[in-house]
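Take a look at the structure below.
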Amino acid sequence: MVRLLGAMVDASERARQLVGTLETRLAEVRSRAERLPKRPRVFFEEWDDPLIAGIGWVSELVEIAGGIDIFADRGAQGAAKGRIVTTEEVVAREPDLIIGSWCGKKFRPERVATWPGFHRIPAVQHRDLYEIKSSLILQPGPAALTDGLADLVKIIQRWAAR
């Protein structure tokens, strides 16, 4: 997409350089993630009512950063209704981290922690509930590959270093 846009605005060389930089960064992050001593199970929560798991590119970014997306099987569903999950499903998959990115409103970890059964989830027990602003990760594009991924890396590496 970056190359196509670059060609459209007569900036093919700059677009090629940007793609190269992004690809290098992704490879570096993957390499670092492979060396993590442990990988957390991650519930990426895109919405709270109903609960919606992260879209495909977010699932990929979680994996690149070193996490295991507990709903990777739903990430391929482009429409949000295909990624709706229940509190029971989240509890059963026992995420180590909950990362919220509620498009258009602030993630409320204190609220999430009170949902039925969530007191049994490692992420809630250890207060590992984080927010990544939706503008950084829920829009497919360079920000997701730079700022959104950087936030994921910080959260996952901090968890893995314990």
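Side notes on the structure shown:
- Within the range 123-137, considering residues that are in a loop (DSSP other than H, G, I, E, B) and buried (at least 21 other Cβ atoms within 10 Å of the Cβ), the one nearest to the chain's Cα centre (by Cα): I132
- Check on E63, over 14 Å from I156 (Cβ atoms), out of contact with any Gly (no Cβ under 6 Å at 6 or more places or on another chain), modelled with pLDDT of 95 or more and open to solvent by 20 Å² or more (accessible area, probe 1.4 Å): no
- Subset of the range 1-11 (residues that are open to solvent by 70 Å² or more (accessible area, probe 1.4 Å) and not charged (D, E, K, R)): M1, L4, L5, M8, V9
- Residues of the range 138-162 that are assigned to a helix (DSSP H, G or I), farther than 18 Å from L26 by Cβ and open to solvent by 40 Å² or more (accessible area, probe 1.4 Å): R158 alone.
- Single condition A15 does not satisfy, out of (1) of a type outside the set (S, T, N, Q); (2) within 30 Å of V112 (Cα to Cα); (3) in contact with a Gly (Cβ under 6 Å, 6 or more places away or on another chain); (4) surrounded by 15 or more Cβ atoms within 10 Å (Cβ to Cβ): (2)
- Given (1) loosely packed, with under 15 Cβ neighbours inside 10 Å; (2) over 17 Å from E89 (Cβ atoms), index of the condition R39 fails: (1)
- Total residues in the range 74-98, condition surrounded by fewer than 15 Cβ atoms within 10 Å (Cβ to Cβ) and within 12 Å of V124 (Cα to Cα): 1
- Scan the range 66-79 for residues that are at pLDDT below 95 and out of contact with any Gly (no Cβ under 6 Å at 6 or more places or on another chain) and the total you get is 5.
The values are calculated or read from the model by the stated rules, or taken from the named source; none is laboratory data. Small disclaimer: the values here were computed from a predicted structure and weren't measured. Neighbour counts run over all protein chains shown; Cβ positions are idealised from the backbone, glycine included. What goes into the accessible areas is simple: the full protein's heavy atoms, side chains included, and nothing from ligands, DNA or RNA. Shrake-Rupley method; radii C 1.70, N 1.55, O 1.52, S 1.80 Å.
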